[in-house]
Structure formats: structure tokens, C-alpha cells
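Have a look at the structure below before the remarks.
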Amino acid sequence: MVLNNPSEAKAPSGLRWFVALTPLAGAIVFPILVPIVMTRVGIGAGVGVALALSSLWFIAMLKTSEMPH
């Protein structure tokens, strides 16, 4: 049974929007950006962008995760 504590502070509105949009933004940007970089710059650069973008997305997802304390 989970009881909500009314004294717990809620996240600011801007942070709540960021948490809601992080998965969606990563899922949309990644498959669009990586092929564009691969065709215009090269496969190595595309792999580098994929690695950097997925790492940043993963960190953002961990930072904004709503886990119980």
C-alpha cells in the first residue's frame, strides 16, 4: 500500500514538462539526426553522434527519473 505524503514537495512545472518530453524527444531526434549526419559527413561521424546522443539521452533519463526514495 502506497501512501502519499501531502508534505512532499512537487517538482516545478518546467521540470515536469522536461521529464514528460525527454523520452519523446530522444525517440524522435535520434532516428532523424543520425542518418542525416551519416549521409552528409560520414559513417564514423554518424556513429559518434549516435554514441554521444544516446549517452546524453540516457543521462537525462536517469537524472529526471521519478524513483521512490
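The values are calculated or read from the model by the stated rules, or taken from the named source; none is laboratory data. Keep in mind that what you see is a predicted model, and the values were worked out from it rather than measured. Reconstructed Cβ throughout: ideal geometry from the backbone, glycine too, with neighbour counts over all protein chains shown.
A Cβ distance below 8 Å, combined with a sequence gap of six or more or placement on separate chains, defines the contacts here; from segment 1-25, residues that are under 30 Å from Ser55 (Cβ atoms) reach residues that are modelled with pLDDT under 75 and of a type in the set (Gly, Ala, Ser) in the pairs Val19/Ala11. Reported count of residues in segment 15-37, each being among the basic types (Lys, Arg) and either within 12 Å of Ala60 (Cβ to Cβ) or modelled with pLDDT under 75 (or both), is 0.
Only one of the numbered conditions (1) surrounded by fewer than 10 Cβ atoms within 10 Å (Cβ to Cβ); (2) at pLDDT below 80 is violated by Arg40, and that is (2). Pro12 meets each of the listed conditions (1) surrounded by 11 or more Cβ atoms within 10 Å (Cβ to Cβ); (2) modelled with pLDDT under 75; (3) not acidic (Asp, Glu) apart from (1).
Can you name every residue in segment 52-69 that is surrounded by fewer than 11 Cβ atoms within 10 Å (Cβ to Cβ) and either over 23 Å from Leu24 (Cβ atoms) or aliphatic (A, V, I, L, M) (or both)?
As a first pass, look at segment 52-69 and keep what is surrounded by fewer than 11 Cβ atoms within 10 Å (Cβ to Cβ): 52, 55, 59, 62-63, 65-69.
Ala52, Ile59, Leu62, Met67, Pro68, His69, listed by residue number.
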